[in-house]
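Here's the structure, in structure tokens; my notes come after.
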Amino acid sequence: MTDNPFQSWMSKSVPRVEDDRLLQGRGKFLDDIRLDRLLMAAFVRSPVAHAILKKINLDAARALPGVRAVFSYNDLRPLLSLDRIPLALPSGAIRFDVDPPALAHEEICYVGEPIAVVIAETRAIAEDAVALVELEFDPLPVVMDPRDGVDKDAPKARLDCPDNLVARHVLKYGNGEAAFAAAAHRVKDCFRLNKGGGHSMEPRGIVARVDDDDLLTVWDSTQMPHRAKAILVNALGLSEEKVRVIAPDVGGGFGPKAVFHPEELVIPAVALKLRTPVKWAEDRFESFTATVQERVQIWDMEAAFDAEGKLLAIRGQLFHDHGAATPYGVALPYNAATNLIGPYALPAYDLEILMCLTNMVPACPTRGAGRPQGTFVMERLLDRAADELGLAREEIRQRNLIPLEQMPYTIPVIMRDGSTMTYDSGDYPECQRRVLEAAGWSEFDKRRDAARRDGRFLGIGLSNYVEGTGRGPFESASIRVGPSGKIMVSSGATAQGQGVKSMLAQISAGVLGMNPKDVHVVDGDTNATVLGLGAFASRQAVTAGNAIYLATRRVAEKARAMAAHMLEASADDLEIADGNIFVKGVPQLKVTLGDVSKALSGMPGYAIPGGMEPGLEAAVDFQPGPLTYTNGSHVAEVEVDPDTGAVKITRYVVVHDCGRMINPMMVEGQVLGGVVHGIGATLLEWMRYDDQGQPATVTYADYLLPTCDVVPRIEIHHMESPTPLNPLGVKGAAESGTIGAPAVIVSAIEDALRPLKIRIRDLPVTPARLRALIAAAQGKGAAP
Amino acid sequence: MPELYPVKIHVNGTTYERRVEPRMHLADFLRHEIDLTGTHIGCEHGVCGACTVLVDGASVRSCLMLAVQTDGRSVDTVEGVAAADGTLNPVQAALSKHHGLQCGFCTPGIIMTITEMRKESGGRQWTEDEVRAALSGNLCRCTGYQGMVDAALEVLTPLNLGRD
């Protein structure tokens, strides 16, 4: 890697190649797909959280004019090669995998679980028919709390499982017992965290079509088309060349669209049976009840400190609600547990993670994927300790942040890929110092005191975090220069708004000295790229970005070698820019990339000039190795109205380090979206159920997403600590903004109400909940 | 089959005559009857704003208005915003410049809302708080809103209000 990779277009805020179509309403989202003879699907879903399904009567639905077919489990099962959808991800922690059935039968385990599907000429007719289906149940007791659920006397959330403890894992290193015995200070607390769902503005959806030659083409609003294809091949008993999965324009993902849901198998199976195209476009009510979401975690935690406030050990238990199945393994609680450690030196850690089956929709990672919860717990414990020791909050953090000279920093935790958890680069103390400076932390006391004289309650908070990004094992990318001189890039990377096409185009264009607009990118299509993984774990710039960087460099080297032959020059004397390869300093001595591609395409019977291998193309499956750690520090200021419990965020400052940035504008877009997702999870978003497992918040009037008027302007400052782990030196940025938000906002709220000594333990902090805490504190005689 | 009603709706300057079920909402009419799929449906209960269009110049949630209610009226959708040759109008260009869109699903609704704000502005400079209040009926999960607020502020200056 002798060249500077960041020439011309690199590291610049280039406008995105995706925008023009999307701005004109010419995007092609799932429900925009039009096909001849297309039929529409609607699902019959469970109206109860736990029951034995005694009887299902589909006669009236089948008789409705316009209905073409209705499938229950018994009708569908002969079309499948497996009884359950093969989703299990290997994990030693899982005691028994709970793969969901494509359609529920015998036992129903959450409200919204699909039971049957109606195929009709229009969606309206299909929904009319759904209303005519008769179901008879014998209700069963429900499990709604992950701590109660692992009690040995708890009812079973699934009768087909031995108990509710679906997985158990102990994360342990160091001598915690000795540390606690010797500790000068201990703090102990219990936190109950509800977590925001994904809530992409486009719900899920799927279209399946079978051609005359038996090719099954599936358009899926998914983050992982290659995984979807592998599951379809397996569950439908087809060969790989007969299945193509395409992710069209996808209107947001945020985690849930990484999970393969039952509908993604049912619709292709039905299309194969009926041999006519079928579409299912999820509506928002279905999205609230049947799309996987993040769920309740209860953390019972204790931390030990020495006399100077240095962390000695943390121990405790995490009770994690896993919902009614395990569609995505244990990634979510595992990320939460490991990310608790954050940018701090923690000598000993002992956490028992208990994953409990419940009668709610299965849990999955959403933006941040458990990390905001782990970070929240650590930052709360630090704030508690700061109060206990009489230290400032920034001071106790300063004393515990891993110093630059200890980087790379290894923690004795073994990761999913077998590597030891290692922070590769970053200057955590400097990151905190910069955010404090940018936010005017040291002058805040004056602002707070002045406001309090006016009867206003201002508070400020601080949080630090890391995020392991760029998860492997690999991502694919290929580049081909045609004889026309046009550049075509394809990758297993898959976009849901991140700007994957722009990112790949910008890197390729940077190496070839071209305009990104002249690079045509195909992503999310299993026919364009045989191998691929897709979008999860803030990984695509790290994995696909480096893959296309290396592939483009190979193409550039080959083009130079071929051009050297054609120009009778030395390859070392050649440069590439604007589609031309020319002799340095003599730009008129040139050939075009198209000329080179043409020469390498061969003529019938003639040798390839220069004895070179044919074709101007290269493909790289980049294996990133261990995770590369992004980090950040957030400061937020809030104003709390003690009469109503309302919280207004008045200022929000981020210092962010994701290594070298490919496109700073797009990095900032990811951070902004992440922070606002975190604001929602902290103050607004609460998926509620009654004690019988009925969802109580199934509209955006009940479940509140952050709106434009409740989020502040967010200031972002960058540090760039390149990672040594990949050639571009880049780290992921897509989830990191979310991770610091709950911790910093809650710290600021507690600070605003400091005279009341309020302790916030539960998320989200709604006005009613905060008002109740304030009232309780005032009842003890303290005045705000 | 339910009874069908004839409607004549003028969309982006073109008149469409169709027979529709009375329960069909305007968003479904636009998307499924006349194949203008740029108007998106995010919640179908009038909160998310993705389906925002202008009816006789005023913004409406097209998921909450029936197609039969727009009989004889004029509807503007995102497909009619750019010039015929595809040149972006100032609202669209500003959204791209300020990274006010990511996945693009909510974007058509944002564009139509800002278009209405420009019409109603009376040539004055908007404040950021006013812009945020006016855009608060459009949900976006990707951007954190900041880019679209900056885009709106740019096109809601007296200097830029006349341009289109």
- Message: Could you tell me how many cubic angstrom of Cα convex hull volume the stretch A:309-399 has per residue?
- Response: 97 Å³
- Note on the structure: For the stretch B:90-161 the translational diffusion coefficient, Stokes-Einstein from a Kirkwood Rh over Cα pairs at 20 °C and viscosity 1.002 mPa s, in µm²/s, is roughly 182 µm²/s
- Query: Got a sec to turn the phi values of the stretch B:19-24 into Karplus ³J(HN,Hα) couplings, 6.51 cos²θ - 1.76 cosθ + 1.60 with θ = phi - 60°, whole Hz, x for Gly and Pro?
  - Reply: 10, 10, 5, x, 7, 6
- Item | Per-residue mean of C-beta atoms belonging to partner chains within 10 Å, peptide B:35-47 | 6
- For A:Thr628, A:Thr469, ascending order of other Cβ atoms within 10 Å (fewest first) is A:Thr469, A:Thr628
- Query: Among A:Ala776, A:Thr738, A:Ser721, which residue has its Cα positioned farthest towards the positive end of the charge dipole of the stretch A:695-784, with +1 placed on the Cβ of Lys and Arg, -1 on the Cβ of Asp and Glu, and the dipole taken about the Cα centre?
  - Reply: A:Ala776
- For the stretch A:643-744 the translational diffusion coefficient, Stokes-Einstein from a Kirkwood Rh over Cα pairs at 25 °C and viscosity 0.890 mPa s, in µm²/s, is roughly 158 µm²/s
- For the stretch B:5-79, size of Cβ-based charge dipole, Lys and Arg +1, Asp and Glu -1, in debye: 120 debye
- Item | Cross-link pairs A:Lys156/A:Lys195; A:Lys257/A:Lys558; A:Lys195/A:Lys731; A:Lys152/A:Lys195; A:Lys195/B:Lys97; A:Lys273/B:Lys8 - those with Cα-Cα distance over 30 Å | A:Lys257/A:Lys558; A:Lys195/B:Lys97; A:Lys273/B:Lys8
- Message: Sort A:506-513, A:266-273 by the packing proxy (mean of other Cβ within 10 Å over each peptide's residues), most packed first.
- Response: A:506-513, A:266-273
- In whole Å, largest first, the alpha carbons of the stretch A:372-446 cover along the principal axes 50, 24, 21
- Task: Neighbouring Cβ atoms within 10 Å as the yardstick, rank A:Lys310, A:Lys648, A:Lys501 fewest first.
- Result: A:Lys648, A:Lys310, A:Lys501
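Rounded if a/c is under 1.5, else prolate if a/b beats b/c, else oblate: with a ≥ b ≥ c from the C-alpha gyration tensor eigenvalues square-rooted, which is the stretch A:35-132?
On the way: a/c = 2.44, a/b = 1.74, b/c = 1.40.
Prolate is the answer for the stretch A:35-132, as a/c is 1.5 or above and a/b outweighs b/c.
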- Charged-residue dipole, Cβ positions (Lys, Arg, Asp, Glu), the stretch B:90-161 about Cα centre, Debye nearest 20: 160 debye
- Query: Quick one: Karplus J couplings for the stretch B:3-9, per residue in order, coefficients 6.51, -1.76, 1.60, θ = phi - 60°, nearest Hz, x for Gly and Pro?
  - Reply: 5, 9, 10, x, 10, 10, 10
- About the Cα centre of chain A, how large is the charge dipole given +1 on each Lys and Arg Cβ and -1 on each Asp and Glu Cβ? Please answer in debye to the nearest 20. 600 debye
- Message: Under 5 Å between amide hydrogens, which residues at least 5 positions from B:Tyr16 or on another chain qualify, with H placed 1.01 Å from N in the peptide plane?
- Response: B:Ile9, B:His10, B:Val11
- Message: Looking at the calculated P(r) for chain B, what percent of the C-alpha pair distances fall above 29 Å?
- Response: 18 percent
- Query: Toward the positive end of the charge dipole of the stretch A:340-384, about the Cα centre and with charges on Cβ (Lys, Arg +1; Asp, Glu -1), which of A:Pro365, A:Leu382, A:Tyr349 goes farthest?
  - Reply: A:Pro365
- Task: Decide, for the stretch B:1-60, between rounded, prolate and oblate: order the square roots of the alpha carbon gyration tensor eigenvalues as a ≥ b ≥ c, take rounded if a/c falls under 1.5, and otherwise choose prolate if a/b is larger than b/c, else oblate.
- Result: oblate
- Message: How large is the Rg to Rh ratio of the protein assembly as shown when both quantities use alpha carbon positions and Rh follows Kirkwood?
- Response: 0.97
- Residue by residue through the stretch A:651-661, which ³J(HN,Hα) values in whole Hz follow from phi under the Karplus form 6.51 cos²θ - 1.76 cosθ + 1.60 (θ = phi - 60°), with glycine and proline marked x? 7, 8, 10, 10, 10, 10, 9, 10, x, 6, 9
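Quick one: if you take sqrt(5λ) for each eigenvalue of the C-alpha gyration tensor of the stretch B:72-123, what semi-axes come out, biggest first, whole angstrom?
Taking √(5λ) for each Cα gyration eigenvalue gives 18, 14, 12 Å.
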- Amide H contacts under 5 Å for A:Asn527, placed H, 5+ residues apart: A:Val245
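Here, each number is a calculation from the coordinates, and none is a lab measurement. What you are looking at is a predicted structure, and each value in this text was computed from that prediction instead of being measured. In this analysis, Cβ positions are derived from the backbone assuming ideal geometry, glycine residues included, and neighbour counts consider all displayed protein chains.
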